[in-house]
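What follows is one structure encoded as structure tokens, with my remarks underneath.
The values are calculated or read from the model by the stated rules, or taken from the named source; none is laboratory data. Computed from a predicted structure; not experimentally measured. Here the Cβ positions follow ideal geometry from the backbone for every residue, glycine too, while neighbour counts run over all protein chains shown. Side chains are part of the model used for accessible areas, which takes the heavy atoms of the whole protein and leaves out ligands, DNA and RNA. Shrake-Rupley method; radii C 1.70, N 1.55, O 1.52, S 1.80 Å.
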Amino acid sequence: MRDPDAPRSPSSPGFWRSPLRGLRFTSVLGLVLFAGITVLFVTGLVSYAAYNPDLSPVNDMTPDKGILGFYLFAWPTNPHWLYRLNQGVHVTLGITLVPVLLAKLWSVVPRLFALPPARSLAHALERISLLFLVGGALFQFVTGVLNIQLDYVFPGSFYPLHFYGAWVFFAAFVVHVLLRMPTALRTLRHLRKGPRESPQEGPQEGPREGPREDPREERDDLVSPRPAEPTVSRRGALWFVGGGSLLLFATTAGQNTDGPLRRTALLAPHGGGDPGEGPNGFQINKTAAYAGIDAAETGEDAWRLVVTGRTGTVRLGREELLRLPLHSAALPIACVEGWSTSDQWWRGVRLRDLAALVGYDDPPDVFVESLQRRGAFRKAALRANQVADPRSLLALYVNGEELSLDHGRPARVIVPAAPGVLNTKWVARLTFGDL
Ligand code: HEM
Ligand SMILES: Nc1nc2c(c(=O)[nH]1)N[C@H]1C(S)=C(S)[C@@H](COP(=O)(O)O)O[C@H]1N2
Ligand SMILES: [Mo]
């Protein structure tokens, strides 16, 4: 027989000795995760809807989604910062929650090794759901962070992985919350009524047997039966976790601003090309060089915008385009990676005016194609409501100057509230008609 106190096996309760572990620590972290992960799930699904995946296969990064697309809706154009807010929250919150997730896992790690693996069928099912919970949590956080930091280590495949992963993880999450929320709330209610000990005093004793001061108190298997000397109080540990989160927040959030604050975004993705100063001096995602754009093709003599619709095809050179009414709109670029710019001042031709040129008084959907020959974002489909918005432009100018080559010269799409991927650069062709 194994001595239950022998710290040799991680499945023996005595192996885990931190006096910080206990229902309270786990419950506080659990409640923070509950709020945070619910917001992550909702903003994640909303971000997917923002791509118009049900409009055209070119927009759909997860074509085999099946019924998981049940909730999709026509993405609105108001408020114009909608995607900026949604994705800023999704990415910034995801990064900020990393320390909380790690601390939560640490707090329950003895449970993961507990033997016997299953005491009953119900217990076996719960443990299988925990596999999906823990695996799913790690998977979602790791794929999310890798996608932002390593600039598409898995181009294309990231979207289905993160999308299906979200559903598996969230299903396990809901089961876990249903099972554990009562415990978490009861534990914290006790805490507010006055804990039996101050956090500095270390662990309770004899969690398994013996009389308790409050007989209704739950048994707490997370408390170590042979705790080590505390090196930090529970409150101190929570501050440590919160401090880690704060640090990540402070080094991430700046990527949603322009100007000097952006330099605080040490964890923002880098390498998009140096935007330099001046009117075109805002974040660049893919540079023209990266996208394989030949400057000669964008020049006055070479470039023709090809617009197709009900009444046929119209080809417009830059000069002809500029003879159409020009309009302005102040709109941000907001990337799925969680960075965004503040509103830039774009100037160009309304998409709905271009639709009218080829026979549509009531704007239909449009299929946009770039000069770019390869790469995932060279085509995009916009919905009729986006085409109809008077702020949706084929922009030729930004902040009073011609678009730089990296920002999409000679012309790019800009649509209010849309994710960056739908703002196609180096536009060559617009095909209007219901998709
Ligand atoms: C990413 C999300 C989460 C992960 C990966 C996670 C993981 C775990 C794991 C593996 C356990 C041990 C279960 C066992 O073997 O009995 C556990 C216990 C617990 N979790 Fe979570 N959890 C998460 C979110 C939450 C949330 C949102 C709550 C709040 C309602 C919560 C509250 C608890 C409580 C109170 C326990 C201890 C239960 C007990 O000892 O009776 N957890 N968690
Ligand atoms: N042709 C083309 N257009 C594109 C892209 C691209 O790779 N190719 N990237 C898109 C993405 S993901 C974003 S976030 C925005 C970024 O625009 P910016 O580089 O001008 O900031 O452009 C979009 N338009
Ligand atoms: Mo993007």
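Just a few scattered comments:
- Residues located in segment 281-292, provided they are open to solvent by less than 40 Å² (accessible area, probe 1.4 Å) and part of a helix (DSSP H, G or I): A288, A291
- Among residues of segment 275-297 that are assigned by TED's automatic domain parsing to the domain that holds I333, those with a beta-carbon under 6 Å from a residue that is among the aromatic types (F, W, Y) and surrounded by 12 or more Cβ atoms within 10 Å (Cβ to Cβ) at least six positions away or on a different chain give the pairs I293/W426.
- Among the residues listed as A417, A411, the single one being outside the structural domain of N52 (by TED's automatic domain parsing), open to solvent by less than 10 Å² (accessible area, probe 1.4 Å) and within 16 Å of ligand 3 (Cβ to nearest atom): A417
- Hey, S224 surrounded by 15 or more Cβ atoms within 10 Å (Cβ to Cβ), in a loop (DSSP other than H, G, I, E, B) and of a type in the set (S, T, Y) or not: yes
- Of the residues making up segment 265-280, those that are modelled with pLDDT of 90 or more and surrounded by fewer than 17 Cβ atoms within 10 Å (Cβ to Cβ) are G278, P279.
- Filtering segment 165-188 to residues that are surrounded by fewer than 16 Cβ atoms within 10 Å (Cβ to Cβ) and closer than 20 Å to G144 by Cα leaves W167, V168, A171.
- The residues of segment 298-315 that are surrounded by fewer than 16 Cβ atoms within 10 Å (Cβ to Cβ) and within 15 Å of A356 (Cα to Cα), listed by number, are V306, R310, T311, G312, T313, R315.
- Unmet requirement for R318, which otherwise passes all of (1) among the charged types (D, E, K, R); (2) modelled with pLDDT of 95 or more; (3) surrounded by fewer than 16 Cβ atoms within 10 Å (Cβ to Cβ): (3)
- From the list F139, F154, F158, the one residue that fits, being open to solvent by 70 Å² or more (accessible area, probe 1.4 Å) and either at pLDDT below 90 or within 15 Å of ligand 1 (Cβ to nearest atom) (or both), is F139.
- Of note, R383 does not satisfy the criterion of being of a type in the set (D, E, K, R), touching a helix residue (DSSP H, G or I) at 6+ places or on another chain (Cβ under 8 Å) and either under 30 Å from L93 (Cα atoms) or within 14 Å of ligand 3 (Cβ to nearest atom) (or both).
- Leading residue by the ranking (farthest from ligand 3 (Cβ to nearest atom)) among those in segment 20-42 that are in contact (Cβ under 8 Å) with a residue 12 or more places away in the chain and surrounded by fewer than 20 Cβ atoms within 10 Å (Cβ to Cβ): L31
One line per residue, one yes/no per condition, for (1) aromatic (F, W, Y); (2) in a loop (DSSP other than H, G, I, E, B); (3) in contact with a Lys or Arg (Cβ under 9 Å, 6 or more places away or on another chain); (4) open to solvent by 20 Å² or more (accessible area, probe 1.4 Å):
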residue: G338; (1), (2), (3), (4): no, yes, no, no
residue: G348; (1), (2), (3), (4): no, no, yes, no
residue: Y360; (1), (2), (3), (4): yes, yes, yes, yes
residue: P363; (1), (2), (3), (4): no, yes, yes, yes
residue: F367; (1), (2), (3), (4): yes, no, yes, yes
residue: R373; (1), (2), (3), (4): no, yes, no, yes
residue: A381; (1), (2), (3), (4): no, no, no, no
residue: N385; (1), (2), (3), (4): no, no, no, yes
residue: L394; (1), (2), (3), (4): no, no, yes, no
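- Residue within segment 367-375 that is within 16 Å of ligand 3 (Cβ to nearest atom), of a type in the set (D, E) and closer than 30 Å to P269 by Cα present: no
- Residue-level check: of (1) open to solvent by less than 50 Å² (accessible area, probe 1.4 Å); (2) part of a loop (DSSP other than H, G, I, E, B); (3) over 16 Å from A417 (Cα atoms), P79 misses just (3).
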